[in-house]
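Only one structure is covered here, and it is reproduced in the block below.
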Amino acid sequence: MIYNRIALFRAERGESRRELAEAVGVNHQTIGYLERGDYSPSLELAMKIAEHFGVALEHLFSFRPFESVAVALRRAEATE
């Protein structure tokens with residue numbers, strides 16, 4: 001399984017699934033499948049999505065679950 005943060009990046013931009021889908025050339029349902037983990041993207045699609053958000057692939061996709069945002073924030077605050 002490939003884990004992703006697509007929904008997090010979309011929400012940060014206030015972007016709908018449909019808007020992201022149009023930007024990367026897929027059906028809006030594909031974005032939903034990706035976000036739920038029901039579908040793994042092709043390398044081409046993963047790269048298009050990363051490019052759309054202006055981030056490296058590993059910021060969006062991982063073979064391991066991502067750390068929750070709350071845990072990451074607590075850790076960052078503890079190191080300040």
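The values are calculated or read from the model by the stated rules, or taken from the named source; none is laboratory data. A quick note: this is a predicted structure, and the numbers were derived from the prediction, not measured. Virtual Cβ from ideal backbone geometry, glycine too; neighbours counted across all protein chains shown.
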If I ask for residues that are buried (at least 18 other Cβ atoms within 10 Å of the Cβ) and not in a loop (DSSP other than H, G, I, E, B), which ones from the range 39-51 would you list? Ala46, Ile49, Ala50
Show the residue pairs that are 6+ apart or on different chains and have beta-carbon atoms under 6 Å apart, the first residue being within the range 1-17 and touching a residue at least 40 places away in the same chain (Cβ under 8 Å), the second being in a helix (DSSP H, G or I) and not aromatic (Phe, Trp, Tyr). Asn4/Leu60; Arg5/Leu60; Ile6/Leu34; Ile6/Glu35
From the residues in the range 53-80 that are closer than 13 Å to Asn4 by Cβ and either assigned to a helix (DSSP H, G or I) or at pLDDT below 85 (or both), which one is nearest to the chain's Cα centre (by Cα)? Leu60
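Check Arg64, Arg36, Arg17 and return the single one that is surrounded by 15 or more Cβ atoms within 10 Å (Cβ to Cβ) and on the phi < 0 side of the Ramachandran plot.
After ruling out the rest, the residue left standing is Arg17.
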Can you pull out the residues in the range 15-38 that are assigned to a helix (DSSP H, G or I), under 13 Å from Phe53 (Cβ atoms) and of a type in the set (D, E, K, R)? Glu19
